[in-house]
């Protein structure tokens, strides 16, 4: 016999949504949103990559080597002596990224004399090779605010702040600090010092 689908005087039980369930759903939504936000921020600021062009940073970095750039760091602090930085020379968007080491910061005096780089009257620990070309540093000068004097680790094969067409690098033209290098030939991957 078929069941009658007519009138029914029984009340259906309503499901109650407990506050614990609501909290659980919102905690999942918040967790997922926070994870996506953190992933996007990390990708934008720590996931910036480029390849080294040329031999100016050997033996630290090699031509064609992939490097990872921390572009967030210089939003909250300033470059320091010894940092390996990536910049666009004179802000030229059509140029390739330059990768050089900061050897002098704002307020430092710079002089290249007898092939030796002097920063504030002392030999720079960052440049150990004799510099054949003093460029603009042949006469002592003071690095201005928001500018940094940068030289390649292989200064005999480096177009850098010594060159009048590059000069001191403006902080606004810096993409960020190199923090990691991919493996390249015999050189393994690792953090850049």
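Every read-out reported here was derived from the displayed coordinates using simple, explicitly stated rules and does not represent laboratory data. Owing to the predicted nature of the structure, the values given are computational and were not obtained by experimental measurement. Every residue, glycine as well, gets a Cβ built from its backbone with ideal geometry; the counts of neighbours run over all protein chains shown.
Against the longest principal axis of the chain, how steep is helix 19-46, in degrees 0 to 90 to the nearest 10, with axes from Cα atoms? Taking Cα atoms only, the helix is inclined about 20 degrees. On a per residue basis, the convex hull of the C-alpha atoms belonging to the chain measures out at 238 Å³. Please work out whether segment 61-144 counts as rounded, prolate or oblate from its C-alpha gyration tensor, where a ≥ b ≥ c are the square roots of the eigenvalues and a/c under 1.5 means rounded, while otherwise a/b larger than b/c means prolate and anything else oblate? Since a/c reaches 1.5 and a/b is larger than b/c, the shape of segment 61-144 is classed as prolate.
Per-residue packing, averaged as other Cβ atoms within 10 Å, sorts the ranges 98-111, 78-91 into the order 98-111, 78-91, beginning with the highest. Computed packing ranks the peptides 144-156, 126-138 as 144-156, 126-138, most packed first, by mean other Cβ atoms within 10 Å. Each eigenvalue of the Cα gyration tensor of segment 64-113, multiplied by 5 and square-rooted, gives one semi-axis; in descending order these are 21, 15, 12 Å.
How would segment 104-189 be classified by its alpha-carbon gyration tensor: rounded, prolate or oblate, with rounded meaning a/c under 1.5 and the a/b versus b/c comparison settling the rest? Oblate shape, in that a/c is at least 1.5 and b/c is the bigger or equal ratio. Taking every DSSP helix (H) stretch of at least 4 residues in the chain, weighting each as -39,500 (n - 2.57) and dividing the sum by the residue count yields a mean residue ellipticity at 222 nm of -5500 deg cm²/dmol.
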